[in-house]
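The values are calculated or read from the model by the stated rules, or taken from the named source; none is laboratory data. This is a predicted model, so every value here is computed, not measured. Here the Cβ is made from the backbone with ideal geometry for all residues, glycine too, and neighbour counts use every protein chain on show.
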Amino acid sequence: MKTRQILTAFLMAFVSLTTIQAQNDTDKPYLTKTFSPAGLTSIKTETSGGNVSVYGQNSGDARIEVYIRANNWNQKLSDSEIKERLEKYTIQIDKDANTLTAIAKPLESGWKWGWKDGLSISFKIYVPNNITSNLRTSGGNIHLSNLSGNQDAKTSGGNISLSTIKGIVDAETSGGNIDIDRFNGTIDAQTSGGNVKVADSKGSLKIGTSGGNIRIAQVSGSLDAHTSGGNVTADISSLEKYLTLSTSGGNITVKMPMDKGMDLDLSGDRVSVAMQNFDGTIKDDRVKGKLNGGGIPVRISTSGGNVRIN
């Protein structure tokens with residue numbers, strides 16, 4: 001088990017380093033295409049190894065910038081070398097009546113002609129603020145900024161960052177971190193091995209990681225956060241329908257208002273909570289009962305750490 005954990009950590013570090021090195025935002029785009037924003041309501045992207053960034057804007061044409069680098073980040077390619085390698089890829093950059101499309105994928109498996117001979121193809125997309133997106137990358141990062149609408153973002157190995165987003169979001173990464181800032185709406189954000197940070201956000205928030213830490217700051221609304229092996233730290237401004245925090249192997253530290261009616265169910269190796277007007281059972285490892293007459297369900301549990309509230 002320990003060997004597997006070490007291998008997983010190594011692979012995650014390798015993927016992260018590859019993405020950082022292979023994509024340099026200071027490079028000029030290999031290709032830029034502009035489109036009229038008239039009628040544009042959605043984006044669809046797919047790339048096998050690059051990053052995807054989407055920026056909402058208040059005015060101006062929609063624009064897609066394509067950045068191309070070698071998979072081997074130590075290798076600098078000329079335009080002619082890129083053009084030659086692109087013959088092994090299919091690239092689609094266009095707009096139909098209402099959808100902007102950016103797709104880059106190899107014509108056949110990269111293993112047939114060598115990973116180091118492949119390309120990392122990234123997209124930067126500038127669109128009107130109110131738009132729906134469907135974003136996919138096999139190994140790169142995904143960044144969304146200043147958007148309203150429904151967003152669906154998935155990467156197999158990169159990080160996901162969301163900044164100033166309003167609407168409904170489904171975000172998933174198999175090995176990266178998730179960073180959420182100034183979100184308002186409903187979100188389901190999951191990572192199989194990274195950390196999750198949420199700041200200055202509100203709404204219905206469901207977040208999870210199989211092996212990382214969770215840090216929550218200045219959040220209001222309904223929150224469900226779980227990790228299988230890390231710590232949970234939460235600073236909650238106000239509660240609405242529910243609060244659920246859980247970890248299988250870390251500590252949970254929570255700062256939150258205690259003036260509302262709550263149905264408390266708290267468990268851990270040791271539970272420490274400051275409160276008044278409570279009716280129920282208080283033990284070293286379990287607190288269960290009604291606070292201020294009961295109301296909002298609050299479930300906080302850890303199988304291998306302590307719980308501390310306020």
Is it fair to say THR191 is polar (S, T, N, Q), under 11 Å from the mean Cα position of the chain (by Cα) and crowded, with 17+ Cβ neighbours inside 10 Å? yes
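Rundown of residues vs (1) touching a helix residue (DSSP H, G or I) at 6+ places or on another chain (Cβ under 8 Å); (2) at pLDDT 95 or above; (3) within 17 Å of GLY50 (Cβ to Cβ); (4) surrounded by 17 or more Cβ atoms within 10 Å (Cβ to Cβ), yes/no style:
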residue: TRP115; (1), (2), (3), (4): no, no, yes, no
residue: GLY118; (1), (2), (3), (4): yes, no, yes, yes
residue: ARG136; (1), (2), (3), (4): no, yes, yes, yes
residue: SER148; (1), (2), (3), (4): no, yes, no, yes
residue: ALA153; (1), (2), (3), (4): no, yes, yes, yes
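Having 1 or more residues that are under 18 Å from PRO29 (Cα atoms) is the bar; report the strands (runs of 3 or more DSSP E) wholly within region 47-166 that clear it. Quick ask: steps written out before the conclusion?
Details: elements: 52-57, 62-70, 89-95, 99-106, 119-128, 132-137, 142-155.
The qualifying strands (runs of 3 or more DSSP E) are 52-57, 62-70, 89-95, 99-106, 119-128, 142-155.
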Does region 260-276 include one or more residues that are under 26 Å from ASP179 (Cβ atoms), crowded, with 17+ Cβ neighbours inside 10 Å and of a type in the set (Ser, Thr, Tyr)? no
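Regarding SER238, is this residue buried (at least 21 other Cβ atoms within 10 Å of the Cβ), free of Cβ contacts under 8 Å to residues at least 24 places away in the same chain and of a type in the set (Ser, Thr, Tyr)? Steps first, answer last, please.
Numbers: buried (at least 21 other Cβ atoms within 10 Å of the Cβ): no; free of Cβ contacts under 8 Å to residues at least 24 places away in the same chain: yes; of a type in the set (Ser, Thr, Tyr): yes.
Spelling it out, it is not the case that SER238 is buried (at least 21 other Cβ atoms within 10 Å of the Cβ), free of Cβ contacts under 8 Å to residues at least 24 places away in the same chain and of a type in the set (Ser, Thr, Tyr).
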List pairs: first residue in region 117-128 and more than 15 Å from THR155 (Cβ to Cβ), second residue of a type in the set (D, E, K, R) anywhere in the structure, Cβ distance under 6 angstrom, at least six positions apart or on different chains. LEU119/ARG85; LYS124/GLU65; TYR126/ARG63
Looking at (1) buried (at least 19 other Cβ atoms within 10 Å of the Cβ); (2) under 15 Å from SER138 (Cα atoms); (3) at pLDDT below 95, which one does SER53 not meet, given that it meets all the others? (3)
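Conditions tested, residue by residue: (1) touching a Gly at 6+ places or on another chain (Cβ under 8 Å); (2) more than 26 Å from ILE168 (Cβ to Cβ).
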| residue | (1), (2) |
| --- | --- |
| LYS197 | no, no |
| ASP200 | no, no |
| LEU205 | yes, no |
| GLY211 | yes, yes |
| GLN218 | no, no |
Does ILE178 qualify as being among the β-branched types (Val, Ile, Thr) and over 14 Å from ASN159 (Cα atoms)? no
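Could you list, in sequence order, all residues of region 167-182 that are part of a strand (DSSP E or B) and surrounded by 24 or more Cβ atoms within 10 Å (Cβ to Cβ)?
Matches in region 167-182: VAL169, ALA171, THR173, ILE178, ILE180.
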